[in-house]
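In what follows, a single structure is set out as structure tokens and then discussed.
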Amino acid sequence: MEIAKNAETAARRTEWSLALLGGLKHRGGFTARERTVHVAAVGGAKLDHTGAVLPADGAHLVKAALVGGAELAYPEGASAEVDAFSVFGGVDLTVPAGTAVEVSGFSLLGGRSKGVAGEPGGAVVKVRSYSLVGGVKVRQAA
């Protein structure tokens, strides 16, 4: 009984998106799950968390696609982790001032942002990106 309850709780904490063709898009007022997993042959993930209710421990995105990147935006004070694998596609990230961004991973062809220096003890967004074409672009929101 306890195993079934733990599996049910874990399922509610994770949003799964599997597609041959098609992306994942969230914008506006929604409640984000602790973990979002998007796997597609062709299709990226476009998640605007600026109006979302985020988990207390931060959000974790896992994205894998042959063609398709990730376009992400986070509000002030949000912490997150992003794991991205793409053959063609990169990560485009927008964060507010004061958010530290740590970028790691590998890109054969494509630039890599050095990250954004944040405030001590402030929010941190960690990005691990692996791609053959496409890099990581980090911007601060105005």
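The values are calculated or read from the model by the stated rules, or taken from the named source; none is laboratory data. Note that the coordinates shown come from a computational prediction; the quantities given were computed from them, not determined experimentally. Areas reflect the complete protein model, heavy atoms only, side chains present, ligands, DNA and RNA absent. Shrake-Rupley method; radii C 1.70, N 1.55, O 1.52, S 1.80 Å.
Two numbers describe the Cα atoms of region 2-108: Rg and Dmax, which are 14.2, 45 Å.
Could you give the accessible area per residue of the chain, probe 1.4 Å, as a whole number in Å²?
Values: 7890 Å² over 142 residues.
I get 56 Å² per residue for this part.
Net length available on complete extension from Ala142 to Lys25 is 39.9 nm, with 0.36 nm assigned per residue and the Cα-Cα distance removed. Using a cutoff of 8 angstrom between alpha carbon atoms and counting only pairs six or more residues apart, the relative contact order for the chain works out to 19 percent.
Separation of region 63-138 from region 20-38 is 16 Å, based on Cα centroids. Solvent-accessible surface of protein heavy atoms, probed at 1.4 angstrom with all chains present, puts Thr94, Thr99 in the order Thr94, Thr99, largest first. Note on region 34-93: along the principal axes its Cα atoms extend 31, 17, 13 Å, ordered by decreasing extent. Only protein atoms count toward the accessible area here, which uses a 1.4 Å probe; on the chain, the carbon and sulfur part of that area reaches 58 percent.
From the helices alone, meaning DSSP H stretches of at least four residues, give me the mean residue ellipticity at 222 nm for the chain, per-run term -39500 (n - 2.57), in deg cm²/dmol to the nearest 500. Mind dumping the intermediate values first?
Details: 1 runs with 12 residues, N = 142.
Roughly -2500 deg cm²/dmol at 222 nm, from the helical runs in the chain.
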